[in-house]
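Contents: one structure, followed by commentary.
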Amino acid sequence: MTPQDRLIIALDLPSIDEADAVIDTIGAAGSFYKIGYQLMPIGGLDLARRLSGAGKKVFLDFKFHDIGATVERGVKSICALGGDFLTVHAEPDVLKGAVDGRGDDPRLKILAVTVLTSLNQQSLKTAGIDMKLEDLVLKRAEFAAKAGADGVIASAKEAAAIKARFGDALLVVTPGVRPAGAAADDQKRVVTPAAAIAAGADHLVVGRPIIAADDPAAAAAAIQAEISGAS
């Protein structure tokens, strides 16, 4: 994979016009984009189709979570968008439905959300979960592997443990990545791009440090250079 393909730029913006402006500004420096909840209901699906048609890769961060049969039907519909990654929650029934819904689609990869990077051990305790955070991530990664999913969403702080257990059987896609000196914002388990790659992350998801930069193209290129240097 090229550094451009390893960097997923999160289009966490309030309008399609603003997303299009960022995409145009980044230009050739951006090859992989994430569309999430903020854009999904206001034209994000059409944007996904347009990006795919323009030869870009698309990460549909929709985090499906429902009974397996409902997830299966939803994923079948998603295949028509031409996306590359789709997130679902890491529960066995959800994962089975997603994998069944994807079927033999040659492009769409199913990624299981393990533990959000906005959470830490205290967050789990507050939610009534006593398991060690890393153990919970690995348990959910095991659910993904057994279901035939393609990868997981996990912090770089757990990436090495996932790779040690599952090797190349699971892609590790890592949000919560911040260049040195950047604000953590609402993330709790953050790492630099170089540290994430060194830990075993296959793809990095970066939003605000790029899309809120004075020069988004330069910000994306700087992170890609860091990825290249750490690879």
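Looking at the stretch 177-231, which of its residues are in a loop (DSSP other than H, G, I, E, B), polar (S, T, N, Q) and either at pLDDT 85 or above or on the phi > 0 side of the Ramachandran plot (or both)?
Just the residues of the stretch 177-231 that are in a loop (DSSP other than H, G, I, E, B), to begin with: 178-190, 192, 200-202, 207, 212-215, 231.
Right, trim to polar (S, T, N, Q) and you get 187, 192, 231.
Scanning the stretch 177-231 gives a single hit, THR192.
Provide a single number: the residues in the stretch 20-43 that are outside any helix (DSSP H, G or I) and of a type in the set (Gly, Ala, Ser). Talk me through it step by step, then tell me what you get.
Narrowing the stretch 20-43 to residues outside any helix (DSSP H, G or I): 30-39, 43.
Imposing the further condition that a residue be of a type in the set (Gly, Ala, Ser) reduces the set to 30-31, 36, 43.
Of the residues in the stretch 20-43, 4 are outside any helix (DSSP H, G or I) and of a type in the set (Gly, Ala, Ser).
Can you tell me which residue in the stretch 105-134 is nearest to GLY53 (Cα to Cα), limited to those that are acidic (Asp, Glu) and surrounded by 14 or more Cβ atoms within 10 Å (Cβ to Cβ)?
Looking at the filtered set, the residue picked out is ASP105.
If you go through the stretch 61-71, how many residues are in contact with a Lys or Arg (Cβ under 8 Å, 6 or more places away or on another chain) and either part of a helix (DSSP H, G or I) or at pLDDT below 95 (or both)? Break it down into steps so the answer makes sense when it comes.
Narrowing the stretch 61-71 to residues in contact with a Lys or Arg (Cβ under 8 Å, 6 or more places away or on another chain): 61, 68.
This time we only want the ones that are either part of a helix (DSSP H, G or I) or at pLDDT below 95 (or both), so: 68.
Going through the stretch 61-71 one residue at a time, the tally reaches 1.
For the structure I just gave you, tell me whether ALA80 is within 24 Å of ARG6 (Cα to Cα) and either within 17 Å of the chain's Cα centre (by Cα) or not aliphatic (A, V, I, L, M) (or both). Spell out the reasoning first.
Working: within 24 Å of ARG6 (Cα to Cα): yes; either within 17 Å of the chain's Cα centre (by Cα) or not aliphatic (A, V, I, L, M) (or both): no.
Considered against the rule, which asks whether it is within 24 Å of ARG6 (Cα to Cα) and either within 17 Å of the chain's Cα centre (by Cα) or not aliphatic (A, V, I, L, M) (or both), ALA80 comes out as no.
Looking at the stretch 70-82, I want the residues that are over 11 Å from VAL94 (Cα atoms) and have a partner that is surrounded by fewer than 19 Cβ atoms within 10 Å (Cβ to Cβ) and not hydroxyl-bearing (Ser, Thr, Tyr) with Cβ atoms under 6 Å, at least 6 apart or on another chain. Which pairs are those?
Close Cβ pairs satisfying both conditions: CYS79/ASP105; LEU81/ARG49.
Per-residue answers, yes or no, for (1) touching a strand residue (DSSP E or B) at 6+ places or on another chain (Cβ under 7 Å); (2) closer than 23 Å to LEU170 by Cα:
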| position | (1), (2) |
| --- | --- |
| GLU72 | no, yes |
| ILE78 | yes, yes |
| GLY83 | yes, yes |
| GLU91 | no, yes |
| VAL94 | yes, yes |
| ASP105 | no, yes |
| LYS125 | no, no |
| LYS132 | no, yes |
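Hey, among the residues in the stretch 146-176 that are of a type in the set (A, V, I, L, M, F, W, C) and assigned to a loop (DSSP other than H, G, I, E, B), which one's surrounded by the most Cβ atoms within 10 Å (Cβ to Cβ)? Steps first, answer last, please.
Pass one, the stretch 146-176, residues of a type in the set (A, V, I, L, M, F, W, C): 147, 149, 152-154, 156, 159-162, 164, 166, 169-173.
This time we only want the ones that are assigned to a loop (DSSP other than H, G, I, E, B), so: 149, 154, 170.
On the way: ALA149: 26, ALA154: 34, LEU170: 22.
If we take residues in the stretch 146-176 being of a type in the set (A, V, I, L, M, F, W, C) and assigned to a loop (DSSP other than H, G, I, E, B), then ALA154 is surrounded by the most Cβ atoms within 10 Å (Cβ to Cβ).
Between VAL58, VAL137, VAL94, which is crowded, with 16+ Cβ neighbours inside 10 Å, touching a helix residue (DSSP H, G or I) at 6+ places or on another chain (Cβ under 7 Å), without any contact (Cβ under 8 Å) to a residue 40 or more places away in the chain and not in a helix (DSSP H, G or I)? First the steps, then the outcome.
On the way: VAL137 fails: not in a helix (DSSP H, G or I); VAL94 fails: not in a helix (DSSP H, G or I).
The match here is VAL58.
Would you confirm whether any residue within the stretch 37-59 is over 23 Å from ASP5 (Cα atoms) and either acidic (Asp, Glu) or touching a Lys or Arg at 6+ places or on another chain (Cβ under 6 Å) (or both)?
Within the stretch 37-59, none of the residues are over 23 Å from ASP5 (Cα atoms) and either acidic (Asp, Glu) or touching a Lys or Arg at 6+ places or on another chain (Cβ under 6 Å) (or both).
Working carefully through the options ARG102, ARG6, find the one that is under 16 Å from the mean Cα position of the chain (by Cα), crowded, with 19+ Cβ neighbours inside 10 Å and basic (Lys, Arg). Walk me through how you get there before you give the answer.
Values: ARG102 fails: under 16 Å from the mean Cα position of the chain (by Cα).
Checking each option against the conditions leaves just ARG6.
Taking the conditions exactly as written (of a type in the set (D, E, K, R), at pLDDT 95 or above, more than 18 Å from ILE153 (Cβ to Cβ) and in a helix (DSSP H, G or I)), does ASP105 satisfy them or not?
The answer is no for ASP105.
The values are calculated or read from the model by the stated rules, or taken from the named source; none is laboratory data. Everything numeric here is computed off the predicted structure, so don't read it as measured data. Backbone-built Cβ (ideal geometry, glycine too); neighbour counts: all protein chains shown.
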